[in-house]
Amino acid sequence: MARGSAGSALGMVAALALVLPACTQAGTRPQSASRGDARGTSKAAPKPYSRDPYPSTYRVYPGVPTLLTNVTVFDGEGNRIERGQVLFADGKIVAVGQTVSAPAGVTTIDGTGKFVTPGIVDIHSHLGDYPSPQVRALSDGNEATAPVTADVWAEHSVWPQDPGFSRALANGGVTTLQILPGSANLFGGRSVVLKNVYARTTQAMKFPGAPYGLKMACGENPKRVYGGKGREPSTRMGNIAVDRATWAKAAAYKRKWDRYDADGGDMPDRDIAMDTLRGVLSGEILVQNHCYRADEMANVLDMAKEFGYHVEAFHHAVEAYKIADLLRANNTCAAVWADWYGFKMESYDGIGENLAILEKSGACGMIHSDDENGIQRLNQEVAKVLASARHSGIEISDAAAWKWLSLNPAKSLRIADRTGSLVPGKMADVVLWNGNPFSVYTRPEKVWIDGALLYDADNPRLRPVSDFELGQPGSGDVK
């Protein structure tokens with residue numbers, strides 16, 4: 001991941017990361033009162049397993065109180081403020097408006113002619129798991145050995161030195177991203193949410209308190225991969241059949257552990273894959289479902305009702321516009337591209353207005369990358385959606401569209417109370433753009449994460465470079 005962005009503070013922050021105490025076990029619950037048996041002895045108290053065995057060790061980089069003035073603000077909540085001001089200090093947004101009260105000595109930046117937005121949140125990335133350079137030795141995103149691999153965790157493949165992280169920060173203004181396993185499997189494994197900061201370990205990048213996700217996939221990928229191996233699933237009905245059998249097994253596993261947590265006794269045998277699915281059924285882990293076709297998304301929504309879980313978002317969702325009402329009714333979001341379609345049959349029926357139709361229908365939609373290059377221009381991808389929508393007579397303001405880049409993905413990751421918009425008290429994840437961010441000529445000029453300036457286009461010492469690229473000027477090291 002990128003470095004050179006905080007000078008000597010880097011070593012201090014990295015050292016502090018090593019001593020962060022483990023988070024409270026999310027699954028711990030009060031023990032039930034002991035109950036005597038016929039011999040007057042008491043039952044053994046339950047000993048829940050840790051729900052968070054790899055806790056975040058993220059520490060905020062040091063920053064200074066900063067006031068941005070004379071800027072156009074998209075606050076991420078749908079509002080636009082002309083000649084506005086944004087004040088942040090101690091890692092948090094303090095005030096946003098046309099006039100704010102700032103303390104003496106604050107660092108003031110005149111942003112005349114420039115725009116300020118929340119940092120971009122990419123809900124679908126494979127950085128670190130499919131890093132650059134793209135060689136087989138670094139390809140760690142798909143455990144394509146069985147249709148159900150809910151036991152794998154994406155964070156255990158993330159390579160923090162992936163140069164893609166710094167590209168996403170400096171070129172794309174991306175401050176938070178979800179790293180997902182690939183889509184070869186029906187149950188691909190757990191995702192992880194990261195802050196886009198330099199760190200030596202994945203744990204030091206983990207967004208504190210962000211829920212895990214479960215990557216699932218439907219459609220062509222699982223049936224092609226496993227049909228090609230001569231095993232189930234080889235059809236779409238096979239996909240659903242394996243899904244249902246797996247959820248039935250997970251429900252039985254959850255019942256055993258729920259009884260143990262309530263009453264104690266002999267601890268059930270652990271199954272790492274079922275631990276994840278139990279977390280989904282308990283509402284602790286969020287389903288992020290790769291799916292293209294409208295009919296398949298509808299089938300998955302029915303299956304979720306059958307087994308009592310919730311689909312947080314469908315990813316890619318090329319035909320989401322056909323079932324916007326179903327998505328709205330089920331409180332399920334769609335993470336989509338602007339116009340990437342037609343590369344296989346299930347992606348054939350895409351339209352440029354997909355995201356705009358979701359917005360107008362009252363459904364939750366957002367842009368996503370799924371690509372190490374696309375993540376560097378998600379602002380331009382939204383600009384393409386706006387152009388398609390306006391050409392078709394669908395009017396959506398630029399300020400409202402910024403929700404697709406920050407607030408809506410933050411909501412789908414259950415971190416919108418902490419990031420995704422410029423609201424006092426939230427993390428100061430802020431981008432100063434050198435022009436209108438919906439122009440192809442615009443780039444991030446400065447990027448702050450938790451109030452720390454991690455990229456400055458005007459300062460060569462604040463242009464992040466991956467450890468992997470140090471000493472390789474042709475590969476990114478411009479110092």
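The values are calculated or read from the model by the stated rules, or taken from the named source; none is laboratory data. Quick caveat, the model's predicted, so the values are computed rather than measured. A quick note on method: Cβ atoms are made from the backbone with ideal geometry, for glycine too, and the neighbour counts reach across all protein chains shown. Calculation scope for accessible area: heavy atoms of the full protein, side chains included, ligands and nucleic acids excluded. Shrake-Rupley method; radii C 1.70, N 1.55, O 1.52, S 1.80 Å.
For the reader, a short list of remarks on this structure follows.
- Checked against (1) surrounded by fewer than 24 Cβ atoms within 10 Å (Cβ to Cβ); (2) in a strand (DSSP E or B); (3) among the aliphatic types (A, V, I, L, M), residue 86 passes all but condition (1).
- The residues of region 430-444 that are open to solvent by less than 20 Å² (accessible area, probe 1.4 Å) and either outside any loop (DSSP other than H, G, I, E, B) or in contact with an Asp or Glu (Cβ under 7 Å, 6 or more places away or on another chain) (or both), listed by number, are 430, 431, 432, 433, 444.
- Of all residues making up region 332-366, the number that are touching a residue at least 60 places away in the same chain (Cβ under 8 Å), buried (at least 20 other Cβ atoms within 10 Å of the Cβ) and of a type in the set (A, V, I, L, M): 2
- Cβ-Cβ contacts under 9 Å between residues 6 or more apart (or on different chains), taken from a first residue in region 168-183 that is over 12 Å from residue 125 (Cα atoms) to a second residue that is of a type in the set (A, V, I, L, M, F, W, C) and at pLDDT below 95, are listed as 169/1; 169/2; 170/2.
- Region 235-264 residues that are among the basic types (Lys, Arg), paired with ones that are part of a helix (DSSP H, G or I) and open to solvent by less than 60 Å² (accessible area, probe 1.4 Å) (beta carbon under 6 Å, 6 or more apart): 254/278; 254/281
- Candidates 121, 193, 94, 116: the one that is part of a strand (DSSP E or B), open to solvent by 40 Å² or more (accessible area, probe 1.4 Å) and not acidic (Asp, Glu) is 94.
Here is a yes/no grid of residues against (1) out of contact with any strand residue (DSSP E or B) (no Cβ under 9 Å at 6 or more places or on another chain); (2) at pLDDT below 95; (3) open to solvent by less than 30 Å² (accessible area, probe 1.4 Å); (4) among the basic types (Lys, Arg):
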residue	(1), (2), (3), (4)
15	yes, yes, no, no
19	yes, yes, no, no
29	yes, yes, no, yes
37	yes, yes, no, no
50	yes, yes, no, no
53	yes, no, no, no
61	no, no, yes, no
64	no, no, no, no
78	yes, no, yes, no
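- Condition broken by residue 398, with the remaining ones in (1) open to solvent by 20 Å² or more (accessible area, probe 1.4 Å); (2) farther than 26 Å from residue 93 by Cα; (3) in contact (Cβ under 8 Å) with a residue 40 or more places away in the chain satisfied: (2)
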